[in-house]
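The values are calculated or read from the model by the stated rules, or taken from the named source; none is laboratory data. Small disclaimer: the values here were computed from a predicted structure and weren't measured. With ideal geometry, Cβ positions are generated from the backbone for all residues, glycine too; neighbour counts draw on all protein chains shown.
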Amino acid sequence: MSARVMSCLEELAPRVEQYSIDEMFLDLAGVEHCMDLEDFGRQLRQHVYDCTCLTIGVGAGPTKTLAKSAQWASKEWKQFGGVLALTRGNPQRTRKLLSRKRTARAVWS
């Protein structure tokens, strides 16, 4: 199943790095110049669901740690519907997420 998800993501992103059996990082450089990152995240989420019938959480950020934190929050904060982008254009959202007391182990586990 992991290979199927990876294949689906590779259809929409030029570079996909598999971090673990169920986590991948996508290089989204330049995407924000063409479209909103959360809109793109919703497209990714729908595409993976269409390909695999799996629901995924999508987090975007300028670093892997922020992207991983956003992905965690995309599941925890239901108002985001499984997709959260931490961008330079919305620093309040990043500050809110980083104000949560979470250890590095919690982010990367």
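Going residue by residue through segment 85-95, is there one that turns out to be at pLDDT below 85, in a helix (DSSP H, G or I) and surrounded by 13 or more Cβ atoms within 10 Å (Cβ to Cβ)? Checked segment 85-95: at least one residue is at pLDDT below 85, in a helix (DSSP H, G or I) and surrounded by 13 or more Cβ atoms within 10 Å (Cβ to Cβ). The set of residues in segment 62-84 that are in contact with a helix residue (DSSP H, G or I) (Cβ under 8 Å, 6 or more places away or on another chain) and either buried (at least 21 other Cβ atoms within 10 Å of the Cβ) or under 14 Å from Leu9 (Cα atoms) (or both) comprises Ser69, Ala70, Ser74, Val83, Leu84. Within segment 41-66, the set of residues being among the polar types (S, T, N, Q), without any contact (Cβ under 8 Å) to a residue 40 or more places away in the chain and assigned to a helix (DSSP H, G or I) comprises Gln43, Gln46. Evaluated against (1) at pLDDT below 95; (2) out of contact with any strand residue (DSSP E or B) (no Cβ under 6 Å at 6 or more places or on another chain); (3) assigned to a helix (DSSP H, G or I), Leu9 falls short on exactly one condition, (2).
Which one of Glu38, Glu23, Glu32 is within 15 Å of Leu86 (Cα to Cα), acidic (Asp, Glu), surrounded by 12 or more Cβ atoms within 10 Å (Cβ to Cβ) and under 12 Å from the mean Cα position of the chain (by Cα)?
Values: Glu23 fails: within 15 Å of Leu86 (Cα to Cα); Glu32 fails: under 12 Å from the mean Cα position of the chain (by Cα).
After applying the criteria, what remains is Glu38.
Checking the stated criteria, Leu28 turns out not to satisfy the condition of being within 21 Å of Met1 (Cα to Cα), out of contact with any Ser or Thr (no Cβ under 9 Å at 6 or more places or on another chain) and assigned to a loop (DSSP other than H, G, I, E, B).
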